[in-house]
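Worksheet: the structure to be examined is printed underneath.
The values are calculated or read from the model by the stated rules, or taken from the named source; none is laboratory data. Just so you know, these numbers come straight off a predicted model, no measurement behind them. Ideal geometry is used to build each Cβ from the backbone, glycine not excepted, and the neighbour counts take in all protein chains shown. Note: areas computed on protein heavy atoms with side chains; ligands, DNA, RNA excluded. Shrake-Rupley method; radii C 1.70, N 1.55, O 1.52, S 1.80 Å.
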Amino acid sequence: MEICELCKKPLNECLCCPECGHICNLDNEEYYCPVCFPSAKADQTKSEKKRGIDEYFMRLALKEAESAFIDGEVPVGVVIVIDNKVISTAYNKKETKNDPTAHAEILAIKKGASATGNWRLNNATLYVTKEPCVMCAGAMVNARLGRLVYGCKDIRYGAIDSHYQLVTDQRLNHQIEVTSGILEDECREILRRFFTNLRSDNSE
């Protein structure tokens, strides 16, 4: 009976790669093999790092949403980032300011333009806890925003994926890269708590 020199198993049980002699992770039901596919590990690591960064900044946006919750505003929070540095933050202030345009996204975009001295935010990423509405999506296109990351969908009014797809519409003069579903459960939960409390208060 022939024995593999590397793994010391009979050849009919050997999992070693005939090309380079290593035991291929794919044969052991691993997700990828770093020897057979070295780029796969790099791609996975890059993807995991990007998601980790997205989750970090979305947690900051959730803190803004908590501030809105405390103020009795619909709890939506925003953080705008350039080169992994926060340039502006905001949360909904429509009731506080008695202003229908005072959505978190609009306020943050205005602050971001002021902070950078440029209305074009093409190098910026905007993190928002809830899918933006038509007004806010339009403002992002006009600001030439580079990337949008949002938490939970807004099935009724969402203008990114749910109801309209404004920021990726090829008929407009600018399109935005979109990532959705970051900390989706947490973003949805704070909205659920807010509207549950609101209904409870109104029923008393």
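Assorted remarks:
- Extended-chain gain in nm, criterion 0.36 nm per residue less alpha-carbon gap, GLN170 and GLU186: 2.6 nm
- Positive minus negative residues near GLN165 (Lys, Arg vs Asp, Glu; Cβ under 14 Å): -3
- Accessible surface, 1.4 Å probe, highest first, among residues ILE53, ILE182: ILE53, ILE182
- Dipole magnitude for the range 152-204: computed about the Cα centre from +1 point charges on Lys and Arg Cβ and -1 point charges on Asp and Glu Cβ, it is near 180 debye.
- Between the range 48-73 and the range 180-199, the alpha-carbon centres lie 12 Å apart.
- The residue among ALA143, VAL78, LEU60 whose Cα reaches farthest toward the positive pole of the charge dipole of the range 53-204, with charges on the beta-carbon of Lys, Arg, Asp and Glu, is ALA143.
- Semi-axis lengths (Å, descending) of the ellipsoid that matches the C-alpha gyration tensor of the range 54-115: 20, 14, 6
- Student exercise, the range 43-200 dipole from Lys, Arg, Asp, Glu Cβ charges, in Debye to nearest 20: 280
- Accessible area of ARG193 (1.4 Å probe, protein heavy atoms only, ligands and nucleic acids ignored): about 80 Å².
- Length added when fully stretched, SER114-ILE3, from 0.36 nm per residue minus Cα-Cα: 32.8 nm
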